[in-house]
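Novice: I'd like to ask you about the structure that follows.
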Number of protein chains: 2
Amino acid sequence: MTKTATPYPPLHSPRRILMGPGPSDVPQTILAALAQPTVGHLDPFYLQAMDGLQSMLRHVFKTDNELTFAVSGTGSAGMETAVVNLVEPGDSVLICVNGVFGSRMADVAERAGAVVNTITKPWGQIFTTTELKNAIVKFKPKIVGIVMAETSTGASQPISAIADVVHNAGGLLIVDAVTSLGGMNVEVDQWGIDVVFSGTQKCLSCPPGLAPISFSPAAVASIERRATKVSSWYFDVSMIANYWGENRAYHHTAPINMTFALYEALRLLLAEGLEACYARHALNHRALKRGLEILGFTYAADPEHQLPMLNAVNLPAAVDDAQMRLALLEQYKIEIGGGLGELKGKVWRIGIMGHSAKSENVLSLLEALENLFVENRIVCESGVACRAANAVYLNG
Amino acid sequence: MTKTATPYPPLHSPRRILMGPGPSDVPQTILAALAQPTVGHLDPFYLQAMDGLQSMLRHVFKTDNELTFAVSGTGSAGMETAVVNLVEPGDSVLICVNGVFGSRMADVAERAGAVVNTITKPWGQIFTTTELKNAIVKFKPKIVGIVMAETSTGASQPISAIADVVHNAGGLLIVDAVTSLGGMNVEVDQWGIDVVFSGTQKCLSCPPGLAPISFSPAAVASIERRATKVSSWYFDVSMIANYWGENRAYHHTAPINMTFALYEALRLLLAEGLEACYARHALNHRALKRGLEILGFTYAADPEHQLPMLNAVNLPAAVDDAQMRLALLEQYKIEIGGGLGELKGKVWRIGIMGHSAKSENVLSLLEALENLFVENRIVCESGVACRAANAVYLNG
């Protein structure tokens with residue numbers, strides 16, 4: 001049946017201040033890079049851009065891993081690529097679950113045929129090295145998966161001490177760095193991570209569409225020893241590596257323009273400097289936190305383990321979740337995120353990721369919240385939270 | 001180990017005339033749509049854009065299928081989504097293989113646990129309904145997969161008579177329309193296709209990064225009857241449908257800006273009109289073919305079954321494949337494609353897809369080839385092929 005086509009209007013997307021769990025604000029130069037003329041996926045210019053992108057990704061991941069590239073999908077595609085390439089049917093896998101993204105990794109591993117065991121912690125808490133060690137002794141996993149920055153809870157999982165425990169038991173460590181990469185230290189080689197993946201739309205401030213990933217030599221060796229094909233054709237790194245590596249063998253048509261955008265995003269990040277960028281996230285986190293606490297918010301994550309870039313805060317009883325977020329969006333053009341999974345309706349997730357991590361954003365949000373809280377008689381006085389946040393900027 | 005970041009130069013991608021197997025030329029308005037401000041994946045503006053995109057995709061696919069959307073990956077991600085959602089381990093699948101993309105579909109199905117049987121034809125030939133019927137009687141497949149536009153050979157597989165054969169035997173039909181959609185008639189409902197997928201970077205003239213897809217009610221019912229989880233989490237349409245449908249349940253962060261670009265690409269296509277767009281592809285194909293044949297090229301596909309948008313032509317003995325394509329790119333800024341698989345080094349693949357299907361491109365390519373052929377003493381006289389192509393444009 002042929003339908004009659006009715007005219008569709010062109011899109012004119014509104015300017016938002018993006019302070020949810022991603023996407024974050026995308027600077028104009030990254031949007032301009034995205035809109036450069038498309039070239040072929042085997043064009044010498046494009047191959048050179050790929051090389052530059054891989055080299056910059058190695059800097060950002062702090063790794064020498066040869067197999068470092070961007071998966072042609074969003075962050076969850078990075079997770080699937082990490083898991084399905086390491087897992088063979090029947091493999092024992094241990095996943096640490098303290099939020100939505102740990103659960104997701106367990107699901108991905110199960111679908112790939114793994115025998116999945118999980119250890120759990122209440123949402124907002126993190127795992128200790130001892131807890132991990134005990135679980136590893138018990139389950140003897142070939143692969144351990146853990147989320148560094150749990151975007152559903154705002155919890156920051158320490159990673160540096162984990163790899164030794166995993167490696168001593170003969171396993172490989174997969175780390176989800178979707179939300180952390182670029183906004184806080186991620187030391188892939190130093191910490192001994194075997195597979196790390198991220199997304200473009202968090203602290204890299206690029207539109208969503210690619211998933212940076214890196215495999216250690218041990219992970220590559222494990223893939224080379226596989227007896228079975230990877231369950232996914234699209235995410236099979238043995239073939240993808242042939243395109244990103246010297247052979248340049250066609251696998252699938254790469255998302256050309258997204259590669260241009262990610263290249264520019266990484267360029268901006270390295271021009272600022274990784275340590276300076278982490279410090280900027282930390283400072284804006286302190287200012288935001290001071291203001292939010294004055295407004296009556298408490299954090300969902302343990303005080304010692306809060307992510308700088310993703311602030312998951314418990315809603316004061318008087319706040320109407322959906323109505324208040326809509327007012328922020330419509331009246332102030334500010335997007336923040338609602339809760340996910342068991343925290344749905346209970347928390348807000350406020351992102352200060354990448355180029356969203358700046359005082360204008362933090363102060364705009366606090367001012368908007370103060371206005372709305374006064375209008376809704378949740379607090380009596382406006383300006384206090386902003387002044388407190390400002391003091392953090394002034395005094396460090 | 002922390003590397004010292006060296007400065008990376010900004011990218012300035014060159015303007016090419018894209019006449020390979022995709023990506024095709026991307027009009028400036030589509031690039032501008034791509035670079036619009038990023039918004040959140042649950043922003044009311046974005047949800048409305050998704051609705052418009054789905055509605056336009058239904059027009060272009062000529063279907064009423066509710067489950068019609070864009071997969072967050074390139075064309076091969078569309079193939080994987082089609083296959084893994086229908087296949088359960090042990091299912092009998094029949095794949096028709098007469099080029100690279102049929103082989104790929106068989107590989108994808110095998111990885112999903114299917115018992116895969118194939119029928120084959122020499123590259124460049126197509127399958128008859130009788131051949132299919134015989135294979136279906138023999139293998140009793142639950143799923144039959146076939147490529148409508150085999151991009152490796154330029155062969156155009158008739159689809160309209162196939163679905164009845166598949167359905168009468170209780171099966172479901174998957175059709176690869178990556179290269180055909182938008183450039184020739186694809187009648188999803190009329191022809192009885194159960195799952196059809198495409199890519200953005202062919203006749204839709206959008207950058208690569210999304211894969212339009214559509215599932216018939218019978219395909220959806222089959223998915224709802226599954227006893228096992230889909231092997232891929234990222235491509236599991238039961239969850240993806242909850243985001244594209246009314247629930248708007250978060251699955252993964254959509255490639256926001258690519259959605260804007262695809263929306264604009266579909267808008268331009270429907271504004272031109274589907275039938276007018278098919279006719280434009282057909283006219284440019286006739287002109288190109290006349291010119292190429294004068295230059296000594298013959299087509300790799302059967303004369304009655306040649307795709308308009310993908311012209312795979314056998315190389316005359318005197319032509320040096322790599323050297324000549326490099327000269328086209330460097331001296332004339334024209335990209336054409338080399339051969340793939342068993343046709344590597346033997347054919348060129350010349351695309352006139354989407355906005356690349358225009359007389360300027362066809363005549364520029366023929367003129368460039370004539371110049372290079374005279375320089376390389378392959379022909380003595382230039383201008384003949386261009387004049388012949390021009391005559392097609394003048395006389396229809």
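The values are calculated or read from the model by the stated rules, or taken from the named source; none is laboratory data. Small disclaimer: the values here were computed from a predicted structure and weren't measured. Heads up, the Cβs are rebuilt from the backbone with ideal geometry, glycines too, and the neighbour counts pull from every protein chain shown.
Novice: Output the residue which, of all residues in segment A:177-229 that are surrounded by fewer than 24 Cβ atoms within 10 Å (Cβ to Cβ) and in contact with a Pro (Cβ under 7 Å, 6 or more places away or on another chain), is farthest from A:Phe101 (Cα to Cα).
Specialist: A:Thr228
Novice: Just the residues that are over 22 Å from the mean Cα position of the chain (by Cα), under 15 Å from A:Trp348 (Cα atoms) and touching a residue at least 12 places away in the same chain (Cβ under 8 Å), please, taken from segment A:283-316. Before you say what the answer is, go through the steps one by one.
Specialist: First, pick out the residues of segment A:283-316 that are over 22 Å from the mean Cα position of the chain (by Cα): A:290-298, A:315-316.
Okay, now just the ones that are also under 15 Å from A:Trp348 (Cα atoms), so A:291-293, A:295-298, A:315-316.
Matches in segment A:283-316: A:Gly291, A:Leu292, A:Leu295, A:Gly296, A:Phe297, A:Thr298, A:Leu315, A:Pro316.
Novice: Within segment A:217-253, track down each residue that is of a type in the set (Gly, Ala, Ser), over 21 Å from A:Lys62 (Cα atoms) and at pLDDT below 95.
Specialist: Selection gives A:Ala249 alone.
Novice: Evaluate segment B:24-35: report whether one residue or more is among the polar types (S, T, N, Q), more than 7 Å from every other protein chain (Cβ to nearest Cβ), assigned to a loop (DSSP other than H, G, I, E, B) and within 18 Å of the chain's Cα centre (by Cα). Working first, answer last.
Specialist: As a first pass, look at segment B:24-35 and keep what is among the polar types (S, T, N, Q): B:24, B:28-29.
Pick out the ones that are also more than 7 Å from every other protein chain (Cβ to nearest Cβ) and you get B:24, B:28-29.
Now drop any that are not assigned to a loop (DSSP other than H, G, I, E, B), which leaves B:24.
Pick out the ones that are also within 18 Å of the chain's Cα centre (by Cα) and you get B:24.
Yes, there is a match, as at least one residue in segment B:24-35 is among the polar types (S, T, N, Q), more than 7 Å from every other protein chain (Cβ to nearest Cβ), assigned to a loop (DSSP other than H, G, I, E, B) and within 18 Å of the chain's Cα centre (by Cα).
Novice: I would also like to ask the following. Considering only residues that are modelled with pLDDT under 90 and loosely packed, with under 13 Cβ neighbours inside 10 Å, which ones fall in segment B:374-394?
Specialist: Initial filter on segment B:374-394 (modelled with pLDDT under 90): B:379-382.
Matches in segment B:374-394: B:Cys380, B:Glu381.
Novice: Just name the residue that is nearest to A:Ala312 (Cα to Cα) out of those in segment A:103-113 that are touching a helix residue (DSSP H, G or I) at 6+ places or on another chain (Cβ under 8 Å) and surrounded by 21 or more Cβ atoms within 10 Å (Cβ to Cβ).
Specialist: Our first condition is that a residue be touching a helix residue (DSSP H, G or I) at 6+ places or on another chain (Cβ under 8 Å); within segment A:103-113, this holds for A:103-105, A:108-109, A:112.
Among the residues that remain, those that are also surrounded by 21 or more Cβ atoms within 10 Å (Cβ to Cβ) are: A:104-105, A:108-109, A:112.
Details: A:Arg104: 19, A:Met105: 21, A:Val108: 25, A:Ala109: 27, A:Ala112: 31 Å.
Per the criteria, the residue is A:Arg104.
Novice: Against the condition surrounded by fewer than 20 Cβ atoms within 10 Å (Cβ to Cβ) and small (Gly, Ala, Ser), how does A:Ala169 come out, does it pass?
Specialist: Answer is yes for this residue.
Novice: When the residues of segment B:128-142 are filtered to those that are in a helix (DSSP H, G or I) and of a type in the set (Lys, Arg), which remaining residue is surrounded by the most Cβ atoms within 10 Å (Cβ to Cβ)? Break it down stepwise before answering.
Specialist: Initial filter on segment B:128-142 (in a helix (DSSP H, G or I)): B:129-139.
Imposing the further condition that a residue be of a type in the set (Lys, Arg) reduces the set to B:133, B:138.
Details: B:Lys133: 17, B:Lys138: 11.
Here the answer is B:Lys133.
Novice: Residue check: is A:Ala357 more than 16 Å from A:Leu295 (Cβ to Cβ) and out of contact with any helix residue (DSSP H, G or I) (no Cβ under 9 Å at 6 or more places or on another chain)? Show your work before the answer.
Specialist: Values: more than 16 Å from A:Leu295 (Cβ to Cβ): yes; out of contact with any helix residue (DSSP H, G or I) (no Cβ under 9 Å at 6 or more places or on another chain): no.
Answer is no for this residue.
Novice: Would you please name the residue that is surrounded by the fewest Cβ atoms within 10 Å (Cβ to Cβ), looking only at residues in segment A:291-319 that are of a type in the set (S, T, N, Q) and closer than 22 Å to A:Val147 by Cα?
Specialist: A:Asn314
Novice: Can you pull out the residues in segment A:194-225 that are within 13 Å of another protein chain (Cβ to nearest Cβ) and among the hydrophobic types (A, V, I, L, M, F, W, C)?
Specialist: A:Phe197, A:Leu204, A:Cys206, A:Leu210, A:Ala211
Novice: Quick check on my filter: what residues within segment B:237-250 are surrounded by 21 or more Cβ atoms within 10 Å (Cβ to Cβ) and part of a loop (DSSP other than H, G, I, E, B)?
Specialist: Within segment B:237-250, none qualify.
Novice: Pick from A:Val319, A:Val379: which is within 23 Å of A:Arg16 (Cα to Cα) and either in contact with a Ser or Thr (Cβ under 8 Å, 6 or more places away or on another chain) or in contact (Cβ under 8 Å) with a residue 24 or more places away in the chain (or both)? Walk me through it before giving the result.
Specialist: On the way: A:Val379 fails: within 23 Å of A:Arg16 (Cα to Cα).
From the options A:Val319, A:Val379, the qualifying one is A:Val319.
Novice: Being of a type outside the set (Phe, Trp, Tyr), under 25 Å from B:Phe235 (Cβ atoms) and part of a strand (DSSP E or B) is true for just one of A:Gly113, A:Gly145, A:Gly73. Which residue is that?
Specialist: Details: A:Gly113 fails: part of a strand (DSSP E or B); A:Gly73 fails: part of a strand (DSSP E or B).
None of the others qualify; the one that does is A:Gly145.
Novice: Still on this structure, please answer the following. Identify, by number, the condition in (1) in contact (Cβ under 8 Å) with a residue 40 or more places away in the chain; (2) β-branched (Val, Ile, Thr); (3) within 30 Å of B:Ala211 (Cα to Cα) that A:Val175 doesn't meet.
Specialist: Unmet condition: (1).
Novice: A follow-up question, please. Could you please let me know if B:Ala77 is crowded, with 24+ Cβ neighbours inside 10 Å, facing another protein chain (nearest Cβ under 7 Å), of a type in the set (A, V, I, L, M, F, W, C) and touching a strand residue (DSSP E or B) at 6+ places or on another chain (Cβ under 7 Å)?
Specialist: Values: crowded, with 24+ Cβ neighbours inside 10 Å: yes; facing another protein chain (nearest Cβ under 7 Å): yes; of a type in the set (A, V, I, L, M, F, W, C): yes; touching a strand residue (DSSP E or B) at 6+ places or on another chain (Cβ under 7 Å): yes.
In short, yes.
Novice: Let me ask another. Assess whether A:Arg280 counts as being more than 14 Å from chain B (Cβ to nearest Cβ), surrounded by fewer than 19 Cβ atoms within 10 Å (Cβ to Cβ), in contact (Cβ under 8 Å) with a residue 24 or more places away in the chain and not in a loop (DSSP other than H, G, I, E, B).
Specialist: Working: more than 14 Å from chain B (Cβ to nearest Cβ): yes; surrounded by fewer than 19 Cβ atoms within 10 Å (Cβ to Cβ): no; in contact (Cβ under 8 Å) with a residue 24 or more places away in the chain: yes; not in a loop (DSSP other than H, G, I, E, B): yes.
Criteria not met by A:Arg280.
Novice: Identify, from the list A:Pro89, A:Pro14, the residue that is surrounded by fewer than 24 Cβ atoms within 10 Å (Cβ to Cβ), within 8 Å of chain B (Cβ to nearest Cβ), out of contact with any Cys (no Cβ under 9 Å at 6 or more places or on another chain) and farther than 30 Å from B:Ser216 by Cα.
Specialist: Details: A:Pro89 fails: within 8 Å of chain B (Cβ to nearest Cβ).
Going through A:Pro89, A:Pro14 in turn, the sole match is A:Pro14.
Novice: Considering (1) surrounded by fewer than 23 Cβ atoms within 10 Å (Cβ to Cβ); (2) under 13 Å from the mean Cα position of the chain (by Cα), say which one A:Gln125 fails and leave the rest.
Specialist: Result: A:Gln125 passes all but (2).
Novice: Let me ask another. From the list B:Ser55, B:Ser156, which one is closer than 26 Å to B:Ala265 by Cβ and free of Cβ contacts under 8 Å to residues at least 40 places away in the same chain?
Specialist: Details: B:Ser156 fails: free of Cβ contacts under 8 Å to residues at least 40 places away in the same chain.
It is B:Ser55.
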